[in-house]
Every structure is written in structure tokens, then in C-alpha cells.
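Beneath this line is the structure, given in C-alpha cells, with notes to follow.
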Amino acid sequence: MATKFCFYGTSCYDLLLYAARVLKQCKMSVLLLDYSKEQSLSYAIPEITGLSSGIRDYRGISFSNDKVTDEQYMDYDVVFQYLGMSPRYKVNGDYYFIITDCELHTVERILELKSDLKSLMPDSDEQTDSNEDFDVFEKNCLNLIILGVDASTRAGYISSRMEFSGNHCNVVDMDESNLESRIRCQYDEVFRFNRISDEYKDLVNKLCYTALGSYIDEKNYRKAYQKAERGK
């Protein structure tokens, strides 16, 4: 049965695509789903003439913006579901994320979204009982990811407003190289992400380690990551 990751909030299509490509190189079968109103992930998936619905292949990764049946989920190891700014899709998942940038109007919208997902808020900020070798996300609760310009400076205020801290808050400054790499995902069918910041690489690794568990060792993972970041 697939491990399901649910992403709410602002655009994070680059993060999902980076992690999906790494996992694909790790021999994992990955399904990307875009259930958001804005369809930002869908714009990063090349269109196929004559095919506007159903699950389609994108360089070894499956993608759809249609509803998927429980039987179809069974065909994959990992499912990334992007749900955007609306909680209307009450999907079942194993890991939950809420994504924000640093703009105040976005933060306020995320706060409204968070109120609809309050049942998923972590009870405490204690260390997770997880794989001691890898930093991984906590299961069955919301994890905050701040992807924004000047994020490291603003993270304290944002995480405090949203009542997240420590293990459950992840911060990446979207500097020029990170933003350039993000745009390439929507414009280039074959994209590279070897120029993203170390902080962003750490976030991609954390997501992949969570999906992989003990499936692959560190040496083989490094090889898979290097292939993916070069556009493989």
C-alpha cells in the first residue's frame, strides 16, 4: 500500500518534483496528484496531445489531477497529493504538510486553512521516535514548511503565529538559485536542480528519507540523488 503525503497551502511543485525524481532513481514507484484550484503542479507536467484525464506518465513518474481509486493507489510505493489552499479534499494520508511563503496576506490565509485542519496539529514538540540515522517527518500530524524570500529571518514570527516550533517547522530561504530552479520545473521538460541551496537539499532529503525508511542505504541514496539532480 502506498505511503501518502498530503500538502496544503502555497505552491511547492518544485519540492514535490525534486523528491519524486530522487525516489524514482531509488526504484520507488511515485504518483503525483494535483487537487488544487490553481493547478500549479499540473503546469509543471507536459501535456500529452489527446489525453486530458486519467493517470499519465511523466518520465517514469505518474501524474493525475483526477480522483484516484483505492485500487489504483495499490500500484504505487509513494503518493504526493497537492491540495492547495482549500481543505475541501479531506483525504486520508500518512504525512501532512502545510506550506507558506513569508508574505503576510499568505500567512493569514494559511491561518484560516490551518483552523480547518486543527485536528492534525501536533500535541507537543518532543523529539519523534523515528529512524535514528535520518531526520524524518512525524507521521499523522501537520508539519509546517516555510518556503519564502527571507524565510530564515521571518520564520520565528510565522511559526509563532501558526503555533509550530522545533521538529514541526522547516524553513528554506528561496534565494535566486532556488527560485530559478523552481521556474525551470514548469518550463523545462527535463530540469536540473543541482544549484538549489544546501537548506533546500536538506528538505528534499528529509522528505525522501521519510518515504524510503530503511528501503535504501546512504551510499546508494547519494548516487540516486546525484542522478536525479542532473535531470535523470
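The values are calculated or read from the model by the stated rules, or taken from the named source; none is laboratory data. All values derive from a computational prediction rather than experimental measurement. For neighbour counting, all protein chains shown are included, and Cβ atoms are generated from backbone atoms with ideal geometry for every residue, glycine included. In case anyone asks, the SASA skips ligands and DNA or RNA and just uses the protein heavy atoms, side chains included. Shrake-Rupley method; radii C 1.70, N 1.55, O 1.52, S 1.80 Å.
Just a few scattered comments:
- Matching entry among 118, 114, 90 (being modelled with pLDDT under 85, of a type in the set (Lys, Arg) and within 28 Å of residue 173 (Cα to Cα)): 118
- Number of the exception - residue 103 against (1) buried (at least 17 other Cβ atoms within 10 Å of the Cβ); (2) modelled with pLDDT of 95 or more; (3) farther than 16 Å from residue 3 by Cα; (4) over 16 Å from the mean Cα position of the chain (by Cα): (1)
One line per residue, one yes/no per condition, for (1) touching a strand residue (DSSP E or B) at 6+ places or on another chain (Cβ under 9 Å); (2) under 21 Å from residue 138 (Cβ atoms):
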residue	(1), (2)
181	no, no
190	no, no
201	no, yes
206	yes, yes
209	no, yes
215	no, yes
224	no, no
227	no, no
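- For residue 73, the stated conditions do not hold, so it cannot be described as under 24 Å from residue 163 (Cβ atoms) and either touching a residue at least 60 places away in the same chain (Cβ under 8 Å) or aromatic (Phe, Trp, Tyr) (or both).
- Scope segment 28-50; condition open to solvent by 30 Å² or more (accessible area, probe 1.4 Å) and of a type in the set (Asp, Glu); matching residues: 38, 47
- Applying a threshold of 8 Å to beta carbon distances and a minimum spacing of six or more residues, or different chains, the list of pairs starting in segment 1-15 at a residue that is part of a loop (DSSP other than H, G, I, E, B) and ending at one that is open to solvent by less than 30 Å² (accessible area, probe 1.4 Å) and small (Gly, Ala, Ser) reads 11/40.
- Reported count of residues in segment 159-172, each being crowded, with 20+ Cβ neighbours inside 10 Å and of a type in the set (Asp, Glu), is 0.
- Qualifying residue in segment 210-217 (condition: touching a Phe, Trp or Tyr at 6+ places or on another chain (Cβ under 6 Å) and either at pLDDT 95 or above or β-branched (Val, Ile, Thr) (or both)): yes
- Across segment 51-83, the number of residues qualifying as open to solvent by less than 60 Å² (accessible area, probe 1.4 Å), hydroxyl-bearing (Ser, Thr, Tyr), in contact with an Asp or Glu (Cβ under 6 Å, 6 or more places away or on another chain) and not in a strand (DSSP E or B) comes to 0.
- Contact map, segment 54-69: first residue free of Cβ contacts under 8 Å to residues at least 60 places away in the same chain, second residue open to solvent by less than 30 Å² (accessible area, probe 1.4 Å) and assigned to a loop (DSSP other than H, G, I, E, B), Cβ cut-off under 6 Å, separation 6 or more or different chains; pairs are 58/45; 63/45.
- Scanning segment 10-27 for residues that are within 16 Å of the chain's Cα centre (by Cα), open to solvent by 10 Å² or more (accessible area, probe 1.4 Å) and not hydroxyl-bearing (Ser, Thr, Tyr) yields one hit, 24.
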